[in-house]
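The values are calculated or read from the model by the stated rules, or taken from the named source; none is laboratory data. No experiment lies behind these values; they were computed from the predicted model shown. Note that each Cβ is placed from the backbone with ideal geometry, even for glycine, and that neighbours are counted across all protein chains shown.
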Amino acid sequence: MCTGIALASSELPVELTRLHRLTERVYDREGREEVQFHWWQVPTVLPVRRNGRLQILPWGTKYRRGPLPYGGWVSLDHVRDGLFTHATPDEVVIPANLGQHKGTWFLITEGIKGVAIETRGGPVVYMLTEPASNYYRNMTEQSPVMPVFVDQVI
Amino acid sequence: MKTTALVGFGDADSFYASAETVRRPFLVGLPVGVLGNQGACVIARNYPMKKYGVKVGEPIWEAKQKCPQGVYIKRDFRWYETLSRKMLAEVGRYSHRVEYYSIDEFFWEGSANRGQSYEQTAVDVRDHVKRATGLPMTVAFARTRTLAKLAADMAKPFGAVALTCPDQETDLLRRTPVTEIAGIAKRSAAKLEPHGIKTCLDLRQASGLLVRRLLTVVGHDIWRELNGVRAVPIRPSRSPHKMLARGGSLAGRVRDAHTLYGWLVRNIERLIEELQFHEVRASTLTVAVSYFDAESAAGVAHLSVPSDRFDILLDAAKRGLRTAWRQGKTATHMHLIASGLRRGPWQQSLFEPPDPKLDAVARVKRAVNERYGRWKLRSGATLYANDWYDDPANEHEVCDIRGKFCF
């Protein structure tokens, strides 16, 4: 699992930062500013590169009774098996410099693959996951799943 | 002190972590820890992470308590080798006699640049390597390897020093504990302490006979080097191996005999690669296994004919493993050591006649892997360790970097 990401502040357009009040998510890491997106934050959002444009989208859902799968992650296999047949899942990239799980910050070279789902309230993004490698499990206190990275193997 | 020819020494600062920063400028200034083969331990960290007290070898779950803002990265030995060889080439611009001592350390027959002092030359080498490779390196010149290495260790990070007068040497040795010398660990230091030898200066001033008695010939060589005598020359090329070994961690704890067998076969295939690269054949094969819940064990198998052939080495390795295997116990590491290495012609045996068919199979396997990538064609037995092959980062390990003297 990956419950948070960080993106250098310089990689987010000022307009997007202002519009989504991202300044509240700016953290200082050894003197460097970054914007962090965590599952526990409200509103729960993620940056998404979609159709060549950087957007901020709601990250999954925390409501169990809605039509969407509960949580912020869906397995790649489930998506391939037709989890979102009722909607048209749109493959997107969640840009990130760092990912975090159980307190371990790890390097992300390009980003994480995700799917955007159109809903009545607008698009929602889920992180795609796959079974964790032995390496990732060790790094993250035995997380059984890991994000699907873009051109990166951990 | 005569300063016409000194030993140059260059040591990249926090090499693995610096190598990651070279290709990912985002990491500049951040605390970076590089994780080992299993993703469980920090094998290198940069100075910002060192500040938090994170040590090499520390498990990640302890490291992240000390440095929660730290960025942890998977090791990539292929990239580190690329940069290591680049550093070697750049240092080679300053001397024709360079020793590739380890992945991030180089000794060379040093001379000062024309019109420059050794101090200025050290600065020049350091700055040149930084410009050419992006890597920070500490450079030192001194009369011997041991003195140069000590000077560099004390000047880190990004230092450039030259010990060109006796007072500089004495001053350095006085403030340096003997344990800072590569080759003098705690046990050796404990032998020296009752004789009042605590610093490198104490060691230099001690009797050579006493040092030899306490620390054998190896310690005596260190003593000579501290006294300005070159005991170990610069070695531009590696001397032929007396042994070749392959192995390491089993990527977790292994109880299942099939998985252990899978690793045995993987290590044989890696060993054969090395034997063939060095054009030698093994007469003896040792299989050593470490256990989590039992004493380490080893089995030795002698070959009737020196060989680099898969089927013969596999038979020998099976015999070795039979002795080294502890049924029901959990293995963590395995090493295969080939010794009695033979070059050139050897006496044939009646019991192991040449087998042109199997030789041909070995040639095809080698050709396929050379052309299409390592492990593209491998023994089916390695399927038991298949998880390991799924990750391309496991294709290239630190011991696969050839030509250096140590890690």
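Collect the residues in segment A:115-154 that are in a loop (DSSP other than H, G, I, E, B) and either more than 12 Å from chain B (Cβ to nearest Cβ) or within 20 Å of A:R49 (Cβ to Cβ) (or both), keeping them in residue-number order.
Taking segment A:115-154 as the starting set, the residues that turn out to be in a loop (DSSP other than H, G, I, E, B) are A:120-121, A:132-133, A:140-144, A:148, A:150-154.
Those that are in a loop (DSSP other than H, G, I, E, B) and either more than 12 Å from chain B (Cβ to nearest Cβ) or within 20 Å of A:R49 (Cβ to Cβ) (or both): A:R120, A:G121, A:P144, A:V148, A:V150, A:D151, A:Q152.
Filter segment A:1-42 for residues that are of a type in the set (G, A, S) and under 18 Å from the mean Cα position of the chain (by Cα); which is nearest to A:G72 (Cα to Cα)? Top of the filtered list is A:G4. Within segment B:294-310, is even one residue charged (D, E, K, R) and outside any loop (DSSP other than H, G, I, E, B)? No, every residue in segment B:294-310 fails to be charged (D, E, K, R) and outside any loop (DSSP other than H, G, I, E, B). Close contacts from segment B:303-327, counting a first residue that is over 23 Å from B:R363 (Cα atoms) and a second that is among the β-branched types (V, I, T), with Cβ to Cβ under 6 Å and a gap of 6+ residues or different chains, come to B:G320/B:V287; B:L321/B:V287; B:A324/B:V287; B:A324/B:V289. Residues in segment B:12-41 that are of a type in the set (G, A, S) and more than 7 Å from chain A (Cβ to nearest Cβ): B:A12, B:S14, B:A17, B:S18, B:A19, B:G33, B:G36.
B:Y94 passes every criterion in (1) in the same structural domain as B:E20 (by TED's automatic domain parsing); (2) of a type in the set (S, T, Y); (3) touching a helix residue (DSSP H, G or I) at 6+ places or on another chain (Cβ under 7 Å) apart from (1).
For segment B:59-95, the candidate set comprises residues that are crowded, with 18+ Cβ neighbours inside 10 Å and in a loop (DSSP other than H, G, I, E, B); within that set, the residue that is farthest from the other protein chains (Cβ to nearest Cβ) is B:S95. Within segment B:1-41, the set of residues being aromatic (F, W, Y) and either closer than 23 Å to A:E141 by Cβ or under 16 Å from the mean Cα position of the chain (by Cα) (or both) comprises B:F15, B:Y16. With the condition kept exactly as written, say whether any residue in segment B:158-179 is buried (at least 19 other Cβ atoms within 10 Å of the Cβ) and charged (D, E, K, R). Yes: one or more hits.
Taking B:I222 and the conditions (1) surrounded by fewer than 17 Cβ atoms within 10 Å (Cβ to Cβ); (2) aliphatic (A, V, I, L, M); (3) under 30 Å from B:I181 (Cα atoms), which numbered condition does it fall short on, given that it satisfies the others? Answer for B:I222: the failing condition is (1).
Among the criteria (1) β-branched (V, I, T); (2) in contact (Cβ under 8 Å) with a residue 24 or more places away in the chain; (3) more than 12 Å from chain B (Cβ to nearest Cβ), the one A:T104 does not fulfil is (3).
If we keep just the residues of segment A:83-114 that are under 13 Å from the mean Cα position of the chain (by Cα) and not in a strand (DSSP E or B), which is surrounded by the fewest Cβ atoms within 10 Å (Cβ to Cβ)? It would help to see each step written out before you state the result.
Restricting attention to segment A:83-114, the residues satisfying the condition of being under 13 Å from the mean Cα position of the chain (by Cα) are A:91-101, A:108, A:110-114.
Pick out the ones that are also not in a strand (DSSP E or B) and you get A:96-97, A:108, A:110.
Numbers: A:A96: 28, A:N97: 24, A:I108: 25, A:E110: 13.
Restricting to residues being under 13 Å from the mean Cα position of the chain (by Cα) and not in a strand (DSSP E or B), the top hit is A:E110.
Yes or no: segment B:8-20 includes at least one residue that is in a loop (DSSP other than H, G, I, E, B), outside the structural domain of B:L150 (by TED's automatic domain parsing) and either over 30 Å from B:T170 (Cα atoms) or among the aliphatic types (A, V, I, L, M) (or both). Checked against the condition, which is being in a loop (DSSP other than H, G, I, E, B), outside the structural domain of B:L150 (by TED's automatic domain parsing) and either over 30 Å from B:T170 (Cα atoms) or among the aliphatic types (A, V, I, L, M) (or both), segment B:8-20 yields no hits at all.
So which residues in segment A:48-64 are of a type in the set (G, A, S) and either modelled with pLDDT of 90 or more or in a strand (DSSP E or B) (or both)?
Filtering segment A:48-64 down to residues of a type in the set (G, A, S) leaves A:52, A:60.
The answer is A:G60, and nothing else.
Selection of segment B:277-296 for residues being touching a helix residue (DSSP H, G or I) at 6+ places or on another chain (Cβ under 6 Å) and over 14 Å from B:I337 (Cβ atoms) yields an empty set. In a residue-by-residue description of segment A:5-22, the property of being within 14 Å of chain B (Cβ to nearest Cβ), under 27 Å from B:R24 (Cβ atoms), in contact (Cβ under 8 Å) with a residue 24 or more places away in the chain and charged (D, E, K, R) applies to at least one position.
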